[in-house]
Amino acid sequence: MYNAVKNGNDLDWNYKRFICDTTEDKDEIDVSKIAPGSTALVIATKEEFILNNEKKWVLFIKHSGSSGGGSVSGDGYLTLDAIASVSDTSSYLDI
């Protein structure tokens, strides 16, 4: 099962963000009328896909499930912990 949780804005009305239970659910999405750059998060595999200009889902982020530190996984994909936390950002900006 999947659900669209974002439906674009006034300028990019066909941009979508999907939350999917499984990879098979992601593959059932009709991509013919959605914009490249739309994303699909797959809960079962902790993977995030982005729709390219050829209307194909491409693995974008493999979420590691850990927090802090930031890293790129062995296969070259950005892991979730590579994104700065609020406290890391506040500390870096000294705010």
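Read-outs throughout are calculated quantities, based only on the coordinates presented, and are distinct from any laboratory measurement. Worth saying up front: this structure is predicted, and the values here are computed from it rather than measured. Here the Cβ positions follow ideal geometry from the backbone for every residue, glycine too, while neighbour counts run over all protein chains shown.
Applying 1/(1 + (r/R0)^6) with R0 = 22 Å to the Cβ-Cβ distance of residue 53 and residue 17 gives a FRET efficiency near 0.80. Spin-label model, residue 32 to residue 89: label points 7 Å out along the Cα-to-beta-carbon direction sit 3.9 nm apart.
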